[in-house]
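To start, the structure under review is shown below, and the notes come after it.
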Amino acid sequence: MSTHGGQLARTPETQAESTPTPEQRNPLTLAASIGKSGVTAAATVTTRVVGLGALGLGLGVVAFFIEKGTGLLAHPWEPWRYLVYVLLLAYAGGGAFGLGTAGMWRGIGRVAMNLVEQHKLTQHILERVFSRAALLAARADTPEILRKPLPIQAVRQTLRQAITDYSASDDIEGGARGLSRALLRRIKLWLCRRLEAQLIELIGEETRDTGLAELTLARLRERAEQELNERVLDALDGARNQQALLGVAIFAGVLALPPIVLALLR
């Protein structure tokens, strides 16, 4: 993450010289690059789901025999000596589901971070959103609206509508199929929600810093392109870790609940 911080520390002039703007990038090349990533995304996620799911299944089996051997699953009811093996299926299934879910979210998070870091997906979405916002604000195809000060509330409403419109498009996932398409769409929707929240936050910061009641879309876009990539990467990393921990917690709950219940019944 330090690399991104170093990029943000550069002056706008240096950054403009070394980093191509969305307009300078070939949209067809970008679309092909994202489409190629979509093909590998399904393999990445599937590998992590299967790998961690198999690990969870094995750990569930091992945990069952450890708990049974130490007497944690013992109960004086005679039929229980046979019925206890039902828990073996529950432990194996819980391990496969819990760690498989953790693998899925880790995989999706890794794919999303690759798209943001390597393919500049955040900048691509920002370009599309601000282009739509300019059309919505001007009701005509003119770039002048980007430099025209608009009331803060109008800027918020315009951006929300532009993001809603863009979310319904197939701009990123259009060339993909099956699981690849579903993954790209999920990532795009997540990024749209995150960018909307961050843009609204930037509007608040800008108005507090300047004390103005109006703001240009061009100024907001400039700040967004400079700052939001790092914020999105941080949010992605936190979200994938949180979801992975939830899967591990499900597995731990499956292992802990039967011994506790049986201890209370004895």
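Data for the structure
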| item | result |
| --- | --- |
| Residue within the stretch 227-239 that is surrounded by fewer than 13 Cβ atoms within 10 Å (Cβ to Cβ), polar (S, T, N, Q), in a helix (DSSP H, G or I) and at pLDDT below 90 present | no |
| Lone qualifier among L255, L217, L262 - being aliphatic (A, V, I, L, M), under 28 Å from R128 (Cβ atoms) and surrounded by 15 or more Cβ atoms within 10 Å (Cβ to Cβ) | L217 |
| Candidate set: the stretch 160-185, residues that are of a type in the set (S, T, Y) and buried (at least 19 other Cβ atoms within 10 Å of the Cβ); chosen: the one nearest to the chain's Cα centre (by Cα) | S180 |
| Test: T29 is in contact with a helix residue (DSSP H, G or I) (Cβ under 8 Å, 6 or more places away or on another chain), surrounded by fewer than 14 Cβ atoms within 10 Å (Cβ to Cβ) and either in a helix (DSSP H, G or I) or at pLDDT 95 or above (or both) | no |
| Long-range neighbours under 9 Å by Cβ, at least six apart or interchain, first residue closer than 21 Å to L228 by Cβ within the stretch 121-144, second modelled with pLDDT of 85 or more and not in a helix (DSSP H, G or I) | R128/S169 |
| Check on G6, exposed (fewer than 15 other Cβ atoms within 10 Å of the Cβ) and either at pLDDT below 90 or out of contact with any Pro (no Cβ under 9 Å at 6 or more places or on another chain) (or both) | yes |
| Residue count for the stretch 37-88, restricted to those that are touching a residue at least 60 places away in the same chain (Cβ under 8 Å), of a type in the set (S, T, N, Q) and not in a helix (DSSP H, G or I) | 0 |
| Enumeration of residues in the stretch 186-201 that are buried (at least 17 other Cβ atoms within 10 Å of the Cβ), closer than 19 Å to Q226 by Cα and aliphatic (A, V, I, L, M) | L191, L195, L199 |
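The values are calculated or read from the model by the stated rules, or taken from the named source; none is laboratory data. Since the model is a prediction, treat every value here as computed from it, not as a measurement. Positions of Cβ are backbone-derived with ideal geometry, glycine not excepted, and every protein chain shown enters the neighbour counts.
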